[in-house]
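Written below as structure tokens is the structure these notes are about.
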Amino acid sequence: MPIAAAAAAPTRAELVDHLVRTRIAGDVATPRENNLDHYRKLANGDRHYWLGLELGDRWRDEQDVLAVMAERCGVSDDPHHRHGQDTIDPELTVDALDRTAAVLRKAAADRQRVLFATGHPGGLLDVHRATAEALRAKGCEIVTVPGVLTVDEGLVVQFAGVAMLERGATLWHTHSPAPMAAILDQLEREGAPLPDLVMADHGWAGCAGQRGIEAVGFADCNDPALFLGEAEGTLQVTIPLDDHVLSPRYYDPLTAYLLDAAGLV
């Protein structure tokens, strides 16, 4: 059985075991053919898969994308493996959490302005919420979404310090960078300072990084853009994981490990 969320953070070995057992990493649910399809579409210039980044012509070879994903996410590097199971390396997940902890430690020490957002409210909302709460307790300012922002046929809302897209009274799964762009544009119009740090996922993270804001993003193995952004230095850290597993509670030990490593508990 997966380890339960608890006050005490798991050790690295315990977290790796938990990630594999819950399929947050290890043999994940996303099939190999879906991963390769997304890598191909990104390489062919489909901006939906760029997640707010400007990749230009630098990643036109699908094999170059695959090589980065093997290195930074842990998918199979075999170009002949076209169907079936693919993987996320749990050790790479924890390595990225450790790098993120260093970013959060600095944010707390400097009392930075931090913006949290998610395009995966069904999975990652509570990870972001808990991290925002911990940083606020250390004196950071959690950036408030300014005004009423309508974008992508929805409304940008903020719950427990986390920005999300709402449509028809439902929190929406979105890869779009437009909601983050709307927030940053409105902050600039109002003369408000931009965030020092954004912690997000999907296009929310990609857009922030592209705008020159220090950004940390969670990303699944079928969302290569943020990993390419980290490889190019546009994002500070990209954390590989399945971003919507069976229960959002499965992410609790990951959150506990991150906050403990960052010195936020």
Tell me, what are the semi-axes, in whole angstrom and largest first, of the equivalent ellipsoid of the range 1-117 as set by the roots of 5 times the Cα gyration tensor eigenvalues? 29, 22, 11
What percent do you get for the relative contact order of the range 10-265 when only Cα pairs under 8 Å and 6+ apart count? 27
Under a 10 Å cutoff between Cα atoms, tell me which one of T22, T118, T150 has the largest fluctuation in the Gaussian network model of the chain. T150
Only Cα pairs within less than 10 Å get springs; with that Gaussian network setup on the chain, which residue of S176, S247, S76 has the largest fluctuation? S247
Could you order peptides 183-195, 223-235, 251-263, 92-104 by the average number of other Cβ atoms within 10 Å of their residues, highest first? 223-235, 251-263, 92-104, 183-195
If R₀ is 25 angstrom, what is the calculated FRET efficiency for the pair A137 and E166, using the beta carbon separation as r and rounding to 0.05? 0.40
Per-pair calculated FRET efficiency, R0 = 35 Å: D46 and R12 via Cβ, rounded to 0.05: 0.40
Distance in nm between E232 and E54 label points, each 7 Å along Cα→Cβ, equals 0.9
Once T144 and D27 are pulled to full extension, the length gained, defined as 0.36 nm per residue separation minus their Cα-Cα distance, is 38.4 nm
Convex hull around the C-alpha positions of the chain: the volume in Å³ per residue is 117
Using 7 Å Cα-to-Cβ label points, what is the A109/H81 separation (nm, one decimal)? 3.9
Sum -39500 (n - 2.57) across every DSSP H segment of at least 4 residues in the chain, then divide by the residue count to get the 222 nm mean residue ellipticity, nearest 500. -13000 deg cm²/dmol
Length gain on complete extension for the stretch N34 to E188, per 0.36 nm per residue less the alpha carbon to alpha carbon distance? 51.7 nm
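Readers should treat all values here as calculations from the given coordinates under stated rules, not as data from a laboratory. Since the structure is predicted, the reported quantities are computational estimates derived from the model, not experimental observations. Reconstructed Cβ throughout: ideal geometry from the backbone, glycine too, with neighbour counts over all protein chains shown.
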